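Following: one structure in structure tokens, then a few remarks.
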Amino acid sequence: MREDLEQLKQQIPLLDYLQRRNWAGCRIGACGELVGLCPLHQDTRPSFYVNDRKNLFYCHGCQRGGDLIRFVELSEHLSFRESVACLKQDLVMVADAALLAKTVAFYQLQLHRCSEAVRYLRHRGLRDPDLIAELGLGYAPGGNLRRHLADFGYSFDVLLRTGLINHQGRDAFCRRVIFPCCQQGCVINLYGRSIGTAFPHRLLPRSKGALFAWDAVSAFSSVILVEGLFDVAVLWQAGFRNTTCAIGTHLTPVQWSQLCDQPGRVVYIAFDQDSNQAGQKAARLLAGRLQSAGLRGRIVRLPQGQDPNSYFADGATASDFLACIEHAESL
Ligand SMILES: [Zn+2]
């Protein structure tokens with residue numbers, strides 16, 4: 001365990017980790033030290049020191065310091081165990097980001113070649129070509145990804161490990177619309193929605209990562225949380241840019257701490273209004289949890305049987321949805 005942790009810290013140098021999160025430091029002296037603004041408190045004069053050789057940090061402002069794991073505990077408000085899990089995920093993310101970016105680019109090209117995929121998007125109420133490009137949507141027709149990626153030197157084993165192909169070498173995503181899930185500019189997972197008869201939802205076998213598009217949504221003091229990526233897409237299209245999604249009703253510890261990173265934030269929970277009440281039950285539980293954490297959870301009710309995507313696909317307008325938001329209930 002101890003050796004594992006040492007290895008993890010060597011594999012992710014503290015400075016690299018900080019720089020990927022846009023920390024900028026100036027080198028001072030020749031001892032591998034850098035100084036910059038502290039990411040852990042409201043800093044006005046640079047008081048955060050990083051020792052690049054020892055992989056340690058110390059802030060003279062908030063008087064906190066330690067190694068990479070300690071930094072993740074403090075910055076993400078996670079336990080020690082959760083921080084280690086988060087870093088392991090970070091490692092996979094960096095290793096596979098280039099491969100997944102190439103995969104996404106390939107699927108994006110396929111989208112415009114497959115009329116059935118474009119028809120499917122229209123059927124789900126997605127019409128805006130700029131938004132489709134912005135979200136990086138693609139289409140996996142199935143049957144040709146491995147050959148394409150082999151041209152870039154990716155081996156069978158690497159593709160199998162990432163879950164892009166199965167043991168027979170066939171594409172894992174087949175006849176699916178693909179949404180790339182990004183975090184700090186890296187593609188860290190792919191969500192594929194079947195347009196045929198296969199099971200509707202599919203992710204690569206790894207963490208679903210951060211809240212969707214959190215880099216852009218986190219600035220809002222009120223956010224709309226939905227279950228699915230098609231819900232996000234139609235709400236963005238209708239102008240509700242403060243919409244995000246955990247892909248499902250369950251939030252991972254990282255997603256939960258993201259949602260809580262602004263005290264007093266209002267979270268409009270717009271889960272599916274399904275007949276078995278699963279979405280509404282999950283919404284009530286989450287609203288209660290948010291309330292206890294000092295946030296304001298509001299439950300958005302849609303007409304029976306609808307989710308935000310189907311509501312818009314059936315002709316609802318932005319002002320119809322706004323009315324639902326205005327009538328959202330607190331617990
Ligand atoms: Zn500090």
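Structure summary
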{"item": "Per residue accessible area in Å² of region 1-114, where ligands, DNA and RNA are left out and the probe is 1.4 Å", "result": "57"}
{"item": "FRET efficiency for VAL158 and GLU33, using Cβ-Cβ distance with R0 set to 45 Å, rounded to 0.05", "result": "0.75"}
{"item": "Counted charge near ASP314, where neighbours are those whose Cβ lies closer than 12 Å (Asp, Glu -1; Lys, Arg +1)", "result": "-1"}
{"item": "Solvent-accessible area, 1.4 Å probe, carbon plus sulfur percent, for the chain", "result": "51"}
{"item": "Gyration tensor verdict on region 216-306 (Cα atoms; rounded if a/c is under 1.5, prolate if a/b is larger than b/c, oblate otherwise)", "result": "oblate"}
{"item": "Taking all pairs of distinct alpha-carbon atoms in region 187-235, Kirkwood radius in angstrom", "result": "12.6"}
{"item": "Euclidean distance of C-alpha centroids, region 1-57 and region 116-164, integer Å", "result": "36"}
{"item": "Span-rule helices in the chain, defined as complete DSSP H runs reaching 27 Å or more along the axis (Cα) with Kyte mean at least 0.0", "result": "80-111"}
{"item": "Ratio Rg/Rh [Cα only; Rh per Kirkwood] for region 44-85", "result": "1.01"}
{"item": "Linear extension gain, GLN184 paired with GLN42, 0.36 nm per residue minus alpha-carbon span", "result": "49.0 nm"}
{"item": "Value at 222 nm in deg cm²/dmol, rounded to 500, when DSSP H runs of n ≥ 4 in the chain each add -39,500 (n - 2.57)", "result": "-12000 deg cm²/dmol"}
{"item": "Cα convex hull of region 25-71 - mean projected area over all directions, nm²", "result": "3.0"}
{"item": "Net length gained if the chain between LYS281 and HIS148 were fully extended (0.36 nm per residue, minus Cα distance)", "result": "43.5 nm"}
{"item": "Whether region 98-217 is rounded, prolate or oblate, judged on the alpha carbon gyration tensor where a/c under 1.5 counts as rounded", "result": "oblate"}
{"item": "Cα gyration tensor, region 1-85 - rounded (a/c under 1.5), prolate or oblate", "result": "oblate"}
{"item": "Average Cα contact separation per residue, region 1-104, under 8 Å, 6 or more apart, as relative contact order %", "result": "19"}
{"item": "Local electrostatic count, GLN280, Cβ distance below 12 Å [Lys/Arg +1, Asp/Glu -1]", "result": "-2"}
{"item": "Residue-normalised accessible area of region 129-259, given per residue in Å² at a 1.4 Å probe", "result": "40"}
{"item": "Translational diffusion of region 15-134, µm² s⁻¹ [Kirkwood Rh, Cα pairs; Stokes-Einstein; 4 °C; 1.567 mPa s]", "result": "73"}
{"item": "Stretch gain in nm, segment ASP314-SER75, where the contour uses 0.36 nm per residue and the Cα spacing is subtracted", "result": "81.8 nm"}
{"item": "From phi via Karplus (6.51, -1.76, 1.60), per-residue ³J(HN,Hα) for region 298-304 in Hz, x at Gly/Pro", "result": "10, 9, 8, 9, 9, x, 3"}
{"item": "Å³ per residue enclosed by the Cα convex hull of the chain", "result": "164"}
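The values are calculated or read from the model by the stated rules, or taken from the named source; none is laboratory data. As the structure is a computational prediction, the values presented were derived from the model and not from experiment. Reconstructed Cβ throughout: ideal geometry from the backbone, glycine too, with neighbour counts over all protein chains shown. Side chains included, ligands, DNA and RNA excluded: accessible areas come from the protein's heavy atoms. Shrake-Rupley method; radii C 1.70, N 1.55, O 1.52, S 1.80 Å.
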